[in-house]
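Right, one structure below, let's go through it.
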Amino acid sequence: MATQYNNDIPFSASHNQQPFKLLELPPELLALLESDNPPEITITSSAPTATTPGYAILGSGDKKYQMRQKNTSNPIMVLQPSSTQPTKDDDAETFVPQSSMTAISKIEDTIELIREESVAKAPLKVNKWHEKFAKSRAEKK
């Protein structure tokens, strides 16, 4: 038989949500950053070409990563420890605060890093649905 505990953790959401971006680090870059001598990291912009837009590039030594934003199907909530406050129905003198959690941000997209050499080797995608959509909208005008 399963045991159920009666230890509730009150949860609330802040009205003022803070803006956050999460950066997914590849394992090799994470290992470098956690090492005793972490490398310097730079963010630059690549030059746009006739066929591709410019991208933000994260550089670490001789490795370069293209930064791309991707949407997540399930939002990620950033939580902060907090404590409950007395309501108008509570006696303020005898109220005992309880530990709680407050959502301070909801993240619906993350930034992924793609090694530049793997981007260059990847086959060029054609006939994406959004390209077809944009083309059909331009023809209607």
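The values are calculated or read from the model by the stated rules, or taken from the named source; none is laboratory data. Bear in mind that the values here come from a model prediction, so they are computed numbers and not experimental data. Positions of Cβ are generated from backbone atoms using ideal geometry, with glycine treated the same way; all protein chains shown enter the neighbour counts.
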Selection from the stretch 58-78 of residues under 13 Å from Thr110 (Cβ atoms), surrounded by 10 or more Cβ atoms within 10 Å (Cβ to Cβ) and of a type in the set (S, T, N, Q) yields Gln69, Thr72
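Among the residues of the stretch 45-57 satisfying the criterion of being closer than 30 Å to Lys106 by Cβ and either exposed (fewer than 13 other Cβ atoms within 10 Å of the Cβ) or among the hydroxyl-bearing types (Ser, Thr, Tyr) (or both), which is modelled with the highest pLDDT?
Here is the first cut: in the stretch 45-57, the residues closer than 30 Å to Lys106 by Cβ are 45, 53-57.
Checking which are either exposed (fewer than 13 other Cβ atoms within 10 Å of the Cβ) or among the hydroxyl-bearing types (Ser, Thr, Tyr) (or both) leaves us with 45, 53-55.
Working: Ser45: 92, Pro53: 82, Gly54: 85, Tyr55: 88.
Once the filter is applied, the top-ranked residue is Ser45.
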If a residue must be surrounded by 12 or more Cβ atoms within 10 Å (Cβ to Cβ) and either in contact with a Pro (Cβ under 6 Å, 6 or more places away or on another chain) or modelled with pLDDT of 90 or more (or both), how many such residues does the stretch 84-97 contain? 2
The listed residue being among the hydroxyl-bearing types (Ser, Thr, Tyr), assigned to a strand (DSSP E or B) and modelled with pLDDT under 90, out of Ser73, Ser105: Ser73
Please go through (1) modelled with pLDDT of 85 or more; (2) surrounded by 10 or more Cβ atoms within 10 Å (Cβ to Cβ); (3) within 27 Å of the chain's Cα centre (by Cα) for Pro81 and return the number of the only condition it doesn't satisfy. (2)
For the structure I just gave you, tell me whether Asn7 is surrounded by fewer than 12 Cβ atoms within 10 Å (Cβ to Cβ), over 17 Å from the mean Cα position of the chain (by Cα) and more than 16 Å from Leu113 (Cα to Cα). yes
Residue list for the stretch 22-47, restricted to those being charged (D, E, K, R) and either in a helix (DSSP H, G or I) or free of Cβ contacts under 8 Å to residues at least 60 places away in the same chain (or both): Glu28, Glu34, Asp36, Glu40
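Listed here are the residues, each with its yes/no results for (1) of a type in the set (Lys, Arg); (2) under 17 Å from Glu112 (Cα atoms).
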{"residue": "Leu25", "(1), (2)": "no, yes"}
{"residue": "Gly54", "(1), (2)": "no, yes"}
{"residue": "Lys70", "(1), (2)": "yes, yes"}
{"residue": "Ile76", "(1), (2)": "no, yes"}
{"residue": "Thr84", "(1), (2)": "no, no"}
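Taking into account only those residues within the stretch 108-141 that are β-branched (Val, Ile, Thr) and at pLDDT 80 or above, which is farthest from Ala13 (Cα to Cα)?
Ile114
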Step by step: first the residues of the stretch 60-89, then only those that are in contact with a Phe, Trp or Tyr (Cβ under 9 Å, 6 or more places away or on another chain) and touching a residue at least 60 places away in the same chain (Cβ under 8 Å), then the one that is nearest to Thr42 (Cα to Cα). Which residue is that? Val78
